[in-house]
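The values are calculated or read from the model by the stated rules, or taken from the named source; none is laboratory data. Keep in mind the model is a prediction, meaning the values are calculated, not measured. We place every Cβ from the backbone using ideal geometry, glycine too, and count neighbours over all the protein chains shown. Each accessible area value is taken on the protein alone, full model and side chains, heavy atoms only, with ligands, DNA and RNA left out. Shrake-Rupley method; radii C 1.70, N 1.55, O 1.52, S 1.80 Å.
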Amino acid sequence: MALFLPCLYAFLACLGFCVLFRIRGLGAVLCSLGGALAWLVYLVSGPLSGGSVFLQSFYAAVFLSAWSEAMARLRKCPATGYQLIAFIPLVPGAGIYSMMEAALRGDAQDFLSTGLHTLGVAGALAVGVLVVSSLVRMFSHRRRPG
Amino acid sequence: MNYDKLLALSGELGCHLLLSGAEIYRVEESVRYLLGAYGVETGEVFAIPNCIIVSLTAPEGRVLTWVRRVPGHDTDISKMEDLNALCRRLCANPPELDEAAGLLDRVVRDRPQPGLLLRLSAYFLITSVFCLFFGGTAADALCGGLCGLTVGLLLPLLSRLGANLFFRAMVGGLSCGVTAAVLTALGLGEHLDLILTGAIMTQAPGLVVTNCMRDLMAGDVMSSLVKLSEGLLTGAGIALGTGVALGLARTLWGGL
């Protein structure tokens, strides 16, 4: 239950964003499923990575990119759409908010620590995405754009 | 071949790809492939999130350039997928330029928008679920959902009025803050901070910052800087809005 509920929330949140970003039908379900599974990876990898949020984010990003690349091949459309939305539970949106809030409070220490944490998570996610997409690019010969 | 028309076609395609929220590399690659498909090897394209420049040299030595500024926009994945499919089709089998322009026009025009009710329920779903996600109770989720509804009602209005990014973020944060403070003061919400964190998630620039890091690592430094400042501005706007709302609530009700 401790694992199931957060993943369900992640699924529902992704579904909501699918409406806002205009993904319809099967694509929306697959994409939200990716978001939920990525959050599961994030939670499960916690004990494995010694509680390091950066490592957890990295693993989740690697999983999610592999998932979206596979789905993109399956449904013959760009992987971006899947990645963009399924990433939302992982990305540090609240972190930037609390960072700027600390700045407005004038708490330089808090601003720096939340800011570095936020950028670190964003960086870990980006490295995860880049690793997979570079590997995919290397191993699939690209005939056409997209 | 009419090179002016080719330039306009590829420029329009790139511009609409940017407008649909495609990544920079996809925009540049698509335009380059399209120019290549029509036999132009001397084409150059440069794109950042709010501007695209396409240039080519026609065989008689004439240099043609097309510049478009891209205004603020939201993400439309289905439009991006359609444009991508169109680009593949044009590259695989390049038709006459007028016909290609007609095809592009048809993809771009008359895109069905989700209805107001659907959009509002999406806002409600996202914000309430994120309140639960961050550890709030069911009552918090209801409050967060109501905050999301106010944002969902206000944002399209502001976009229609032509408000800029920072102002929209600020008004969104303000409406979240006011709604959350009122609901908490009425005794409906239990954890004000959790409600607020969930409520701002429809606007929070997490994706922007992650994309910025990705662009930075992929070598698109310019667009990464544009996105970083966009993310920081949005974050500051939301924090300013909620800060004003909470400050007001504190003076009106005392210790929240």
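Annotations for the structure displayed:
- By the Cα gyration tensor, region B:70-217 has an equivalent ellipsoid whose semi-axes, rounded to whole angstrom, run 38, 16, 14 from largest to smallest.
- Semi-axis lengths, Å, region B:170-256, gyration tensor of Cα atoms, sqrt of 5 times eigenvalues: 33, 12, 7
- The separation of region A:35-73 from region B:168-227, counted between C-alpha centres, amounts to 22 Å.
- Student exercise, the protein assembly as shown dipole from Lys, Arg, Asp, Glu Cβ charges, in Debye to nearest 20: 600 debye
- Area of A:H117 that stays accessible when all protein chains are in place (1.4 Å probe, Å², to 10): 90 Å²
- For chain B, the longest principal axis of the alpha carbon atoms and the long axis of helix B:24-37 meet at an angle near 20°.
- Computed FRET value (nearest 0.05) for B:E190 with B:E44, which takes r as the C-beta separation and R₀ as 56 Å: 0.45
- When the accessible areas of A alone and B alone are added and the area of the pair subtracted, with a 1.4 Å probe, the result is around 4600 Å², both sides summed.
- Average Cα contact separation per residue, chain A, under 8 Å, 6 or more apart, as relative contact order %: 25 percent
- Dipole moment magnitude, nearest 20 debye, region B:116-253 about Cα centre, only Lys, Arg, Asp, Glu C-beta charged: 280 debye
- Of the whole protein surface, B:T179 contributes about 30 Å² of accessible area at a 1.4 Å probe radius.
- Rounded tilt (10° steps) of B:77-92 against the dominant C-alpha axis of chain B: 10 degrees
- A 1.4 Å probe over all protein chains sorts A:M100, B:M222 by accessible area into B:M222, A:M100, starting with the largest.
- Whole-percent carbon and sulfur share, accessible surface of the protein assembly as shown, 1.4 Å: 65 percent
- Spatial separation of Cα centroids for region A:110-125 and region B:233-252, in angstrom: 22 Å
- Solvent-accessible area per residue, Å², over region B:79-200 with all protein chains present [probe radius 1.4 Å]: 46 Å²
- Scaled radius of gyration (Cα, divided by 2.2 N^0.38 Å) that region A:11-70 gives: 1.21
- The C-alpha atoms of region A:4-139 occupy a region whose extents along the principal axes are 49, 32, 28 Å, arranged from largest to smallest.
- Drop in accessible area of at least 30 Å² in the complex versus isolated chain, residues of region B:18-66, 1.4 Å probe: B:R26, B:E29, B:Y33
- Across the protein assembly as shown, Cα-Cα pairs more than 29 Å apart make up 45 percent of the total.
- Using Cβ point charges alone (K and R +1, D and E -1), the dipole size of region A:4-139 about the Cα centre works out to roughly 640 debye.
- Look at the Cα gyration tensor of region B:3-108: its axes a ≥ b ≥ c give a/c of at least 1.5 with a/b at or below b/c, and that counts as oblate.
- Over the residues of the protein assembly as shown, the helix contribution to mean residue ellipticity at 222 nm works out to -24500 deg cm²/dmol, using -39500 (n - 2.57) for each DSSP H run of at least 4.
- Between helix B:206-218 and chain B: long-axis angle, C-alpha atoms, 0 to 90°, nearest 10: 40 degrees
- Residues B:L157, B:L149, ordered by accessible area of protein heavy atoms at a 1.4 angstrom probe radius and largest first, appear as B:L157, B:L149.
- Chain B has equivalent-ellipsoid semi-axes of 44, 18, 14 Å, by the square roots of 5 times the alpha carbon gyration tensor eigenvalues, sorted largest first.
- Probe 1.4 Å, all protein chains present, accessible-area order of B:S159, A:S32, largest first: B:S159, A:S32
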